[in-house]
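Shown next, in structure tokens, is the structure this report addresses.
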Amino acid sequence: MLSLPDRLTLEPGKVIGLVGPPGFGLTRVGMSMLADSSRTGPVVYLDVRGWVNPLTAWEAGIPPERLIIVRCFDRLLWPKATAALLEGIRAVYAEVPPGVRESVLRRLAALARSRRSALLLHPLSGDLPAGVAYVRYQGREVAWEGPDAGHGRLTGRRLVLEASGKGMSGIERVIEVEDDGADVVRMVSRLAAAPAGRAAG
């Protein structure tokens with residue numbers, strides 16, 4: 001059986017994809033993945049919407065002095081900004097604006113590999129081209145814990161992700177992560193193979 005760490009992490013020279021609709025908590029998942037890299041140096045969040053809140057990163061375990069937020073609202077400048085960051089930073093979380101060409105994403109993935117920089121790509125709409133991500137996490141389900149009939153305090157969130165790609169040995173896996181808001185996102189021990197007939201991407 002494929003073994004997985006208890007937390008989602010980044011690796012030097014590898015591209016990770018986070019795919020799913022807003023509200024799934026993928027930004028929080030991505031921030032928690034940056035947390036380990038922030039222990040040895042600065043990490044960057046490339047924000048194309050102007051929405052990211054530094055508190056999210058600090059809650060995920062990234063020290064304030066290690067977090068750099070770069071805002072790039074111009075889709076045409078986004079590839080250059082991302083490439084420049086990969087030249088000097090060891091871990092980059094990049095929101096991908098709509099309309100970025102496949103060839104651009106493939107060039108950035110090659111640059112990340114050559115510079116041994118971890119690159120996390122989070123498309124704001126659509127998906128990543130096949131083969132760009134070493135591991136691709138697709139958000140499938142989310143469940144909030146705590147409120148009853150619309151009332152009460154949120155105490156946690158469970159997110160079901162489908163993991164695929166070379167890093168999964170070509171086998172799609174369904175994993176579950178939990179987030180209580182107080183620490184990095186943790187994997188739940190349940191690990192199930194994806195239904196037969198699904199193609200790994």
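Note that the stretch 72-86 has calculated 3J(HN,Hα) couplings of 9, 8, 9, 4, 6, 8, 4, x, 5, 4, 5, 4, 4, 5, 5 Hz, one per residue in order, obtained from phi through the Karplus relation 6.51 cos²θ - 1.76 cosθ + 1.60 (θ = phi - 60°); glycine and proline are x. Measuring nothing but how far apart in sequence close Cα pairs (under 8 Å, 6+ apart) lie, relative to its length, the stretch 15-140 scores a relative contact order of 39 percent. Taking 0.36 nm per residue of separation and subtracting the Cα-Cα distance, full extension of the segment from residue 49 to residue 83 would add 10.4 nm. Overall form of the stretch 74-140: oblate. Here a/c, set by the Cα gyration tensor axes a ≥ b ≥ c, is 1.5 or more, and a/b is not larger than b/c. Rounded to the nearest 20 debye, the dipole magnitude of the stretch 15-140 is 320 debye, with +1 charges on Lys and Arg beta carbons, -1 on Asp and Glu beta carbons, and the Cα centre as origin. If a/c stays under 1.5 just call it rounded; otherwise compare a/b with b/c (prolate if a/b is bigger, oblate if not). Do that for the stretch 15-140, with a ≥ b ≥ c from the square roots of the Cα gyration tensor eigenvalues. Rounded shape, in that the Cα axes give a/c under 1.5.
Would you mind checking which residues have amide H under 5 Å from residue 156's amide H? H placed 1.01 Å from N; only 5 or more apart, or other chain. Amide H neighbours of residue 156, under 5 Å, 5+ apart: 145.
Where a number appears in this text, it was derived from the coordinates with a stated rule and is not lab data. No experiment lies behind these values; they were computed from the predicted model shown. Virtual Cβ from ideal backbone geometry, glycine too; neighbours counted across all protein chains shown.
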